[in-house]
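Q: Before we start, here is the structure in question, set down as structure tokens.
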Amino acid sequence: MTTVTAPRTTAQGAQPRSHVVADAVTMLRRNLLHMIRYPGLSVFTIVGPVVILLMFVFVFGGTLGAGLPGVDPTAGRAAYLAYVIPGILAITIAGTAGGTATTVSMDMTEGITARFRTMAISRAAVLAGHVLGNTIQALIAVALVLGVGVLIGFRPTATPMDWLGAAGLLTLLAFAITWLAVGMGMQAKSVETASNLPLLLVLLPFLGSGFVPTESMPAGLEWFAEYQPFTPVVETLRGLLLGTPIGWSAVLAVGWCVAITVIGYVWSMVIYERKSVR
């Protein structure tokens, strides 16, 4: 663990804004160093989505791709690769939640967070270090997984502005999922529980439009798939990368990300404040 230098508080007991930013940077550096020294979780967040990508494209892609609307059956695997990449990117970000929740829970159970609470460190900065560090980790994982997709034949048609929009949406999604994972890690009673709670997030892209069109699902499941958070994100990414219609998906995607961020932030801070007064 890196050494944390506690800044002095003002006469009113509150820290200047510059100290809050400095605290956040310090906590970010700590989490990035932790990620480098313990690369197991980082590797898993990349290897898992890559394995899923290769399996779905080369094992199921020919059949699933031939069933996509308006696709030439002879180009099934290539068509399915283009279709599934946005879903794989969503799973990549969702998969980082497990590592975030685990590291937060480890800090809570090992007393590191309790030590920070006794120091003159911004409480928001302690959690922000986790959020910023794991958001960066998620974006690195997305870039690597996308690179694998390009190597096996993915050919996006995105313009520079489309790429900028896709990068912004992926960053917003990673930020939102990370805040939610921080809340899960703080709420969990043990590290094992913290590592299992985010599994639901990994399942959601499968129950949306990430892998098959929602209209191919039974009525009840189709309704859930249409309105769950990952479907508008996937549809927006698909539209930006491949030029398919986006419609209201972009608005819904941003709305879901903002809502998840607020829920995760409030949940995390409430738990942190409650445990700070014990």
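The values are calculated or read from the model by the stated rules, or taken from the named source; none is laboratory data. Please read these numbers as outputs of a predicted model, since none were measured by experiment. Quick reminder, even Gly has a Cβ in these numbers, built from the backbone with ideal geometry, and neighbours come from all protein chains shown.
Q: Sort through 263, 246 and tell me the only one that's farther than 21 Å from residue 94 by Cα, of a type in the set (Val, Ile, Thr) and touching a helix residue (DSSP H, G or I) at 6+ places or on another chain (Cβ under 8 Å).
A: Details: 263 fails: farther than 21 Å from residue 94 by Cα.
None of the other options fit; the residue is 246.
Q: Let me ask something else about it. When you scan the range 140-178, how many residues do you find that are aliphatic (A, V, I, L, M), surrounded by fewer than 18 Cβ atoms within 10 Å (Cβ to Cβ) and closer than 22 Å to residue 231 by Cβ? Break it down stepwise before answering.
A: At the first step, the residues of the range 140-178 found to be aliphatic (A, V, I, L, M) are 140-146, 148, 150-152, 158, 161, 164, 166-167, 169-170, 172-174, 176-177.
Checking which are surrounded by fewer than 18 Cβ atoms within 10 Å (Cβ to Cβ) leaves us with 140, 143-144, 148, 150-152, 158, 161, 164, 167.
From what is left, the residues that are closer than 22 Å to residue 231 by Cβ are 158, 167.
Residues in the range 140-178 being aliphatic (A, V, I, L, M), surrounded by fewer than 18 Cβ atoms within 10 Å (Cβ to Cβ) and closer than 22 Å to residue 231 by Cβ: 2 in total.
Q: So residue 234 fits all but one of (1) at pLDDT below 90; (2) surrounded by 18 or more Cβ atoms within 10 Å (Cβ to Cβ); what number is the exception?
A: (1)
Q: Hey, residue 172 hits all of (1) under 23 Å from residue 131 (Cβ atoms); (2) out of contact with any Ser or Thr (no Cβ under 9 Å at 6 or more places or on another chain) but one; which does it fall short on?
A: Exception for residue 172: condition (2).
Q: Scanning for something small (Gly, Ala, Ser), surrounded by fewer than 23 Cβ atoms within 10 Å (Cβ to Cβ), assigned to a helix (DSSP H, G or I) and touching a Ser or Thr at 6+ places or on another chain (Cβ under 6 Å), does the range 187-203 turn up at least one residue? Walk me through how you get there before you give the answer.
A: From the range 187-203, those small (Gly, Ala, Ser) are 188, 190, 194-195; that's our starting set.
Then drop every residue that is not surrounded by fewer than 23 Cβ atoms within 10 Å (Cβ to Cβ), which leaves 188, 190, 195.
Next, only the ones that are assigned to a helix (DSSP H, G or I) stay: 195.
In the following step, the residues that additionally are touching a Ser or Thr at 6+ places or on another chain (Cβ under 6 Å) were identified as 195.
Within the range 187-203, one or more residues are small (Gly, Ala, Ser), surrounded by fewer than 23 Cβ atoms within 10 Å (Cβ to Cβ), assigned to a helix (DSSP H, G or I) and touching a Ser or Thr at 6+ places or on another chain (Cβ under 6 Å).
Q: Still on this structure, please answer the following. One residue is enough: does the range 172-183 have a residue meeting the conditions assigned to a helix (DSSP H, G or I), modelled with pLDDT of 95 or more and closer than 20 Å to residue 243 by Cβ?
A: No, the range 172-183 contains no residue that is assigned to a helix (DSSP H, G or I), modelled with pLDDT of 95 or more and closer than 20 Å to residue 243 by Cβ.
Q: Is it the case that some residue within the range 264-272 is within 30 Å of residue 77 (Cα to Cα) and either charged (D, E, K, R) or surrounded by fewer than 20 Cβ atoms within 10 Å (Cβ to Cβ) (or both)?
A: Here is the first cut: in the range 264-272, the ones within 30 Å of residue 77 (Cα to Cα) are none.
For the range 264-272, residues within 30 Å of residue 77 (Cα to Cα) and either charged (D, E, K, R) or surrounded by fewer than 20 Cβ atoms within 10 Å (Cβ to Cβ) (or both): absent.
Q: Which residues, taken from the range 214-261, are of a type outside the set (A, V, I, L, M) and either assigned to a loop (DSSP other than H, G, I, E, B) or in contact with a Gly (Cβ under 6 Å, 6 or more places away or on another chain) (or both)? Spell out the reasoning first.
A: Restricting attention to the range 214-261, the residues satisfying the condition of being of a type outside the set (A, V, I, L, M) are 214-216, 218, 220, 222-224, 226-232, 235-236, 238-239, 243-245, 247-249, 255-257, 261.
If the condition is that a residue be of a type outside the set (A, V, I, L, M) and either assigned to a loop (DSSP other than H, G, I, E, B) or in contact with a Gly (Cβ under 6 Å, 6 or more places away or on another chain) (or both), then 218, 228, 229, 230, 231, 243, 244, 245, 247, 248 are the ones that fit.
Q: Would you mind finding the one in 82, 78, 90 that is farther than 25 Å from residue 186 by Cβ, surrounded by 21 or more Cβ atoms within 10 Å (Cβ to Cβ) and either modelled with pLDDT of 85 or more or charged (D, E, K, R) (or both)? So that I can check it myself, show each step before the final result.
A: Numbers: 78 fails: surrounded by 21 or more Cβ atoms within 10 Å (Cβ to Cβ); 90 fails: farther than 25 Å from residue 186 by Cβ.
So the residue among 82, 78, 90 that is farther than 25 Å from residue 186 by Cβ, surrounded by 21 or more Cβ atoms within 10 Å (Cβ to Cβ) and either modelled with pLDDT of 85 or more or charged (D, E, K, R) (or both) is 82.
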